[in-house]
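The values are calculated or read from the model by the stated rules, or taken from the named source; none is laboratory data. From a predicted model like this one, the values you see are computed outputs, not experimental measurements. Reconstructed Cβ throughout: ideal geometry from the backbone, glycine too, with neighbour counts over all protein chains shown. Keep in mind that these areas ignore ligands, DNA and RNA; they rest on the heavy atoms of the full protein, side chains included. Shrake-Rupley method; radii C 1.70, N 1.55, O 1.52, S 1.80 Å.
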Amino acid sequence: MKPFAYLRKHKEGDNVPYVVGGVVELLLFAIISIFGLIVADHFLLESSSLASVISSVLVDLTNGDRVAHQLGGLAVSPALTAAAQAKANDMAEKGYFAHTSPIDGKNSWYWFQQAGYTFTYAGENLAVDFSDSVDVERAWMNSPTHRANVLNGHFTQIGIAVARGTYEGRSTLFVAEMFGTPASVRQQNRVVTLSSSTIPPTELALATASAPSSSTETVTPAAPVTTTTANLVLGSEATGLVAPTGPTAAWWQHLITAPKTALQYAYYVLSIIIVLILVYVTELEFHRRHLRHVAAALALLLLMVALLVFANSVLFAQPIIAAV
């Protein structure tokens, strides 16, 4: 009889308790469902099946930062992408994280040479423990040396790749970002040999970032870079480049490669909705009959905070970028 008595008590235009109860259940469902989707997305990223998508998104984020600082976007170079993939694979297979391999001493410009990329300027950014594309780009931009590479006006091309491997006993994703400006070598349909007299002085900017005060390292190859075929050198007339005329990744690809950021923004929006509903229901007059509404709102907000803390401490690793 109590439920019917309660209904009679509020039947004269006051169904707020019932409406609010339904809204609370809906919001609770939304909070848990969003968290479940983010967890599924997190494990999907760990499978490496989205490696190419991650690379495309990071290219967009890098170009977005450059455009925001009045710099031109970088074209995606197949050769730089190949160099980045080779570097990422090497770190993943050998379990190290550094610009120079502690195992065989191969430094970063070795991978440019292996990819046949003859350059006047080149740079490299590295990251490990990838779990969110926005996090990685933000970490690079917050590091003076990595930021210098992202915003280097000399660079015209970019290549990014990821690889899954083991680092310090844990399975993780390695990210290699290669920047470059190709040497101005006229592409001809003949075999040519490039000597030191035909290659402009080369500079390789490495984001060592061992400390915030560290500067960009410049490395000059000790020996001339020699190739035997002209089509291995990506000059100003090279083909196969993707011009930076717009985003290389779709909006949903940006969303699924940034689960941590997506969770945060989704919960921010839900928090605002909860507060607005509470204001509407109480009309900013906190009488005793509104205590249950305030308690429900606080419970939902605390649940989101708890899930965010859990996700940040258990699911999402903070990317490491400072490799020496």
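Taking His99 as the residue in question, decide whether it is in contact with a helix residue (DSSP H, G or I) (Cβ under 7 Å, 6 or more places away or on another chain), within 19 Å of Ser133 (Cα to Cα) and open to solvent by less than 30 Å² (accessible area, probe 1.4 Å).
no
Only one of (1) surrounded by 17 or more Cβ atoms within 10 Å (Cβ to Cβ); (2) assigned to a helix (DSSP H, G or I) fails for Phe174. Which number is that?
(2)
Check whether at least one residue in region 150-159 is part of a strand (DSSP E or B), closer than 12 Å to Ser55 by Cα, open to solvent by less than 10 Å² (accessible area, probe 1.4 Å) and not basic (Lys, Arg), and report yes or no.
Yes, region 150-159 has at least one match.
Only residues that are buried (at least 17 other Cβ atoms within 10 Å of the Cβ) and either acidic (Asp, Glu) or touching a strand residue (DSSP E or B) at 6+ places or on another chain (Cβ under 6 Å) (or both): list them for region 265-319, please.
Pro319
Could you check region 132-149 and list, in sequence order, the residues that are part of a loop (DSSP other than H, G, I, E, B) and either open to solvent by less than 10 Å² (accessible area, probe 1.4 Å) or more than 19 Å from Ala84 (Cβ to Cβ) (or both)?
Passing the criteria: only Asp132.
Every residue, every condition in (1) at pLDDT below 95; (2) in contact with a Pro (Cβ under 6 Å, 6 or more places away or on another chain); (3) not β-branched (Val, Ile, Thr), yes or no:
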| site | (1), (2), (3) |
| --- | --- |
| Pro78 | no, no, yes |
| Thr81 | no, no, no |
| Ala88 | no, no, yes |
| Glu93 | no, no, yes |
| Ser101 | yes, no, yes |
| Ser108 | yes, no, yes |
| Trp111 | no, no, yes |
| Thr120 | yes, yes, no |
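Of the residues Ser49, Ser56, which is open to solvent by 20 Å² or more (accessible area, probe 1.4 Å) and not in a helix (DSSP H, G or I)?
Answer to the check: Ser49.
Starting from residues that are of a type outside the set (Gly, Ala, Ser) and modelled with pLDDT of 50 or more, keep the ones in region 174-192 and report whichever is farthest from Thr62 (Cα to Cα).
Applying the filter and picking the extreme gives Pro182.
Can you confirm whether Ile38 is open to solvent by 40 Å² or more (accessible area, probe 1.4 Å), part of a helix (DSSP H, G or I), of a type outside the set (D, E, K, R) and not assigned by the TED database to the domain that holds Gly169?
no
Among the residues of region 261-278, are any touching a Ser or Thr at 6+ places or on another chain (Cβ under 9 Å) and outside the structural domain of Ala139 (by the TED database)?
Yes, the conditions are met somewhere in region 261-278.
Name the residue, out of Glu137, Glu93, that is among the charged types (D, E, K, R) and farther than 26 Å from Pro259 by Cβ.
So the residue among Glu137, Glu93 that is among the charged types (D, E, K, R) and farther than 26 Å from Pro259 by Cβ is Glu93.
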